[in-house]
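Everything below concerns the one structure shown next.
Nothing in this text is a laboratory measurement; each read-out follows from the coordinates by a stated rule. Here the structure is a predicted model, which means the values were calculated and not measured.
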């Protein structure tokens with residue numbers, strides 16, 4: 001693994017940010033990374049491990065809202081880079097405030113996660129100092145421009161956000177991944193499966209399963225940037241406009257599969273892929 005501490009001087013933006021991020025973690029007595037396997041949390045876990053060795057853990061929530069494809073990918077990344085991993089079970093589906101799926105759903109998800117990570121922190125006290133390991137998560141500057149109720153849960157739990165503190169946006173994070181030679185540099189963003197369900201419609205295991213299987217089917221057809229939005233009886237497919245033709249060429253097999261999954265109607269969003277498109281109906285508090 002490439003460690004930038006060995007370089008006599010940093011003369012590019014990624015090198016500078018790499019040094020800052022490694023230095024940031026090296027100043028802590030330990031670290032628990034809220035880990036999902038996405039670009040932001042995976043880079044954070046990787047750099048924390050560079051700085052702290054086994055004095056850190058990446059903690060992933062094994063939840064129905066995390067697709068099995070993403071879950072396996074996250075486990076493989078940690079294993080490939082020798083990153084210590086803990087699996088926690090958050091049980092947010094047991095919370096009616098989460099299942100009712102109002103605009104603050106993400107708040108209850110993150111609160112459940114951070115409560116579990118706080119418990120883990122108490123179990124991983126540094127032997128000499130006796131202090132608990134701090135918890136970090138991968139919110140970045142670009143996230144501040146979106147509706148993110150999970151950030152409220154992070155503030156309440158005193159979760160640390162290195163990317164915000166160091167001024168890193170998504171572009172800088174991807175550049176850092178490329179600098180370290182990480183395979184996730186170009187990985188598309190992949191929020192939880194619950195984010196595909198229309199606000200106001202209950203989150204259920206059946207709906208999560210429908211979305212996951214529908215998206216897996218499109219992945220197996222070769223699509224990489226996509227969402228399947230769950231609007232009750234309707235599946236709304238989002239892919240970039242340049243992929244419209246390929247999707248229409250596979251129209252028959254897609255509709256057959258989606259009908260078998262329980263969708264009566266299958267639509268293509270002509271606006272194309274847009275991350276967080278369901279947030280358009282919300283107004284930040």
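Averaging 1/r over every pair of different alpha carbons in the stretch 171-285 and inverting the result gives a Kirkwood radius of 15.3 Å. Between helix 13-26 and the chain there is an angle of about 70 degrees, using the helix long axis and the longest principal axis of the Cα atoms. On C-alpha positions alone, give me the angle between the axis of helix 68-80 and the longest principal axis of the chain, in degrees, nearest 10. Computed tilt is about 20 degrees.
Eigenvalues of the alpha-carbon gyration tensor of the stretch 227-269, scaled by 5 and square-rooted, set the equivalent ellipsoid semi-axes at 17, 13, 6 angstrom, largest first. Each helix, a run of at least 4 DSSP H residues, gives -39500 (n - 2.57); summed and divided by the residues of the chain, these come to -12500 deg cm²/dmol at 222 nm. All alpha carbon pair distances within the stretch 200-264 were sorted into 10 Å bins beginning at 0; the resulting P(r) in whole percents reads 21, 58, 20, 2. Looking at the stretch 18-110, the pairs of alpha carbons with a distance over 19 Å make up 46% of the total.
What whole-number distance in Å separates the alpha-carbon centres of the stretch 133-198 and the stretch 92-121? Cα centroid of the stretch 133-198 versus Cα centroid of the stretch 92-121: 17 Å apart. Note on the chain: GNM, Cα springs under 10 Å; of 195, 131, 12, the largest mean-square fluctuation is that of 12. Cut-off 10 angstrom, C-alpha nodes, Gaussian network model of the chain. Which of 203, 266, 246 fluctuates the most? Its mean-square fluctuation being the largest, the pick is 246. For the chain, give the share of DSSP beta bridges that are antiparallel, in percent and rounded to the nearest 5; count only bridges with both residues there. The antiparallel proportion sits near 25 percent. The relative contact order of the stretch 218-257 comes to 30 percent, based on Cα pairs under 8 Å that sit 6 or more residues apart.
The smallest convex shape that holds all Cα atoms of the stretch 79-138, its convex hull, gives 120 Å³ per residue. Taking every alpha-carbon pair under 8 Å whose residues sit at least 6 apart, the chain reaches a relative contact order of 17 percent.
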